[in-house]
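J.: Let me begin by handing over the structure; questions about it come next.
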Amino acid sequence: MEKVHTPKRVAAQPGQRGKIALIAAGCAAAVLLAAYLGLCAWVGGSPNILKGVSVAGVPVGGLTREQALETLEDNLGQVSSVALPLEYGPWEGEITAAAVRVDDQATVAQAWQTGRENFLLQGASYLSHQLGAEDEIGLTLAWTDAGKTELEAKMDEADLQVGGALTNATYAVEGDKLMLTKGVTGVTIDREAAEPMVMTAMTEAVSEAMQGVSNPVEPVVLPAHETTPQEPDFDAMYQELHAEAKSAEIDPETLEVSDHVVGVDFDVNQAKTLFDAAAEGETVEIPLTITQPEETREGLEGKLFRDLLGEGTSRVGGSANRKSNVKLSAQACNGVVLMPGEVFSYNNTTGSRTADKGYLGAPVYSGGASVEGIGGGICQTSSTIYYAVLHTPLEIVERHAHMYAVGYVPDGMDATVWYGASDFRFKNNTNYPVKVVTESYDKNGSRFLTVKIYGTNEDGRYAVPERIQYDWITPTTQYKADSSVPRGTTRVDSVQNAYTGLKAQTYRYIYAADGTLLEKQDMGVSSYKMRPRTILYNPADGDPSQPASTTEPEVPETTTPETPSTTEPTVPETPDTTTPSRPETPDTTPDPGTGEQPSTPTEPQGQENTQPAPEEETEMPPWLQVDKD
């Protein structure tokens, strides 16, 4: 028979019971701790302000921050009529609670943060507030934009009424004196200190009103402070006012006149000494040294091209091509302005006279003979310019006489040119610009060219050119065979015109404004060759200048040239004892370039070479070919 084992109950020992109780208590504590920590976390995440919290007596517990802000703004609006008195010396004013608003960050955020300062304690704080604990938060206000502007305006009004505003030193130039006024120490509202004072008093008054307390509002006395005026920077003042006198100038490119500068200077040390000795608000006079420029802008503008320095006119003859060339070259020179010291070059001004520039074929000289060449006639323009310049004191730099006397300007007063070989040049030796004005025009069936030189005649000087002609050589007669001449007849060569030979000594007399002779200038001797009168005959008739073998032929009359004098003519040291009259200048100088036609061309004076004016006066140097330029 098997034995059955029955388990036996063992009695608990006293020590084991304590352990069980401890474990149970620990578990309970852990549960409670977890629950508390959960409460702390929930409180920290709640959007609501803890119960029992108020701001300036206004309950905001249980409200969200947005609801609390709205509640406080409503209560503030109810007391917006609260006025805070302001005082500054004799000035009185006030500002109302309408100028402020609730500071959300400083008030509502603080109310929500109450009881939540520490995570582990905020659960207990929540429970305590639930059981009746209360917290009072102070009201924090801020200026509205309009309120800040209003406060600044009231302080400006107070400063203006009471006076004492800061005045810095000032200075101004009056005539030949520097008027320097010393600054005045400013006694004004200390705005940096006044603004928080007004806000503190406004917050207190609004808080009491929101809590229903009706105490009298004490005025705020605005604080004042002194501001020392800034001392003037004398070195900077000197740099600003000091100037060296500078005359107005002409831009050589644009011909515009620059502004002049009046020189200003003063003693800086003297200015400092007088300023330091002056009382606040006192004005002291510092003497200025004023230096006027030699030429002001207005004065220079009025002098430019004011005077007609000289002019010359010539009659333009010859073919239509020649007249066209004269006009074209004159147009190239019209309006040319020379600054002081600059030299006019006829060749540089006109450039090469080529067909692509519009110049036409007309007679020129080549080896003493007249031939067709491009640009024939342009020497009449250079000669007329030279003739005009001779009536001015302007300096002649380069000039060449023609091979033959030209006839359209007085002998000794012409100027031949050839591009690349000979030029006509003159220099502006005055202190002001000069302008060349040319005009080609028709009058009474004739073509004329007038050249006028405008500038500034500072002292009224004027020039009168004169010349003495001598060593006259009457043209001889020569015969030349030409098969185109009908037999039994002769014909005078109309191309190779005859020219009388002579010499011309030219002088230029410079006179003062009162007619006193200042200078006699030797302009040189011009030597003009004689060219024979050429008679063309048919070669079958034989040379008429040779005697016939049978009958005595009728020989055309020939002119025996006069033997030139070998004795140099007596040249007077001074012109006629009667002082040449100065060309009349109209009361109002005509505007350069207007083309005012003279009543008559300038006529040569004294004995003239009465031969007809030639068509060819563009003279080619003998070492150059006909195809010039």
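The values are calculated or read from the model by the stated rules, or taken from the named source; none is laboratory data. Computed from a predicted structure; not experimentally measured. So basically every Cβ, Gly included, is an ideal-geometry build from the backbone, and we count neighbours across all protein chains shown. For the accessible areas, the whole protein counts, side chains as well, though only heavy atoms, and no ligand, DNA or RNA atoms are used. Shrake-Rupley method; radii C 1.70, N 1.55, O 1.52, S 1.80 Å.
J.: What is the percent carbon and sulfur in the accessible area of the stretch 445-504, measuring with a 1.4 Å probe over the protein chains and ignoring ligands? Can you show the working numbers first?
T.: Values: 1200 of 2630 Å².
Its accessible area is 46 percent carbon and sulfur atoms.
J.: Going by the alpha-carbon gyration tensor, a ≥ b ≥ c the square roots of its eigenvalues, is the stretch 347-392 rounded (a/c under 1.5) or, if a/c is not under 1.5, prolate (a/b greater than b/c) versus oblate?
T.: Details: a/c = 2.86, a/b = 1.43, b/c = 2.00.
Because a/c hits 1.5 or more and a/b fails to exceed b/c, the stretch 347-392 counts as oblate.
J.: With every protein chain present, what is the per residue accessible area of the stretch 392-546 (1.4 Å probe, Å²)? Please list the in-between numbers first.
T.: Working: 6130 Å² over 155 residues.
Heavy-atom SASA per residue in the stretch 392-546 reads 40 Å².
J.: Got a sec? Charge dipole of the stretch 362-495, +1 on Cβ for Lys and Arg, -1 for Asp and Glu; which of Thr474, Phe424, Thr392 is way out at the positive end?
T.: Thr474
J.: What length, rounded to one decimal in nm, is gained on full extension from Ser352 through to Ala30, with 0.36 nm per residue of separation minus their alpha-carbon distance? Spell out each step's value before the answer.
T.: Values: separation 322, 0.36 × 322 = 115.92 nm, distance 11.83 nm.
Using 0.36 nm per residue and subtracting the Cα-Cα distance, I get 104.1 nm.
J.: Something else now. I need the calculated FRET efficiency for the pair Leu121 and Leu22, taking r as the beta carbon distance and R₀ as 30 Å, to the nearest 0.05. Mind dumping the intermediate values first?
T.: On the way: r = 28 Å, r/R0 = 0.93.
The computed FRET efficiency comes out at 0.60.
J.: Which order do peptides 355-365, 381-391, 288-298 fall in by mean Cβ count within 10 Å, highest first?
T.: The densest-packed peptide leads the list: 381-391, 355-365, 288-298.
J.: What part of the accessible area of the stretch 34-185, given as a whole %, is carbon or sulfur when the probe is 1.4 angstrom?
T.: Values: 4090 of 7640 Å².
Accessible surface attributable to carbon and sulfur in the stretch 34-185 totals 54 percent.
J.: Here's a follow-up. Loop only per DSSP, at most 12 neighbouring Cβ atoms within 10 Å: give me the GluC sites (Glu not before Pro) in the stretch 209-246, ordered by residue number. Can you show the working numbers first?
T.: Working: sites: Glu226, Glu240, Glu244; in loops: Glu244.
Counting only loop positions with at most 12 other Cβ atoms within 10 Å, the GluC sites (Glu not before Pro) in the stretch 209-246 are Glu244.
J.: Need one number: nm distance between label points at Glu66 and Ala83, each 7 Å from Cα along Cα→Cβ, rounded to one decimal.
T.: Result: 3.8 nm between the two label points.
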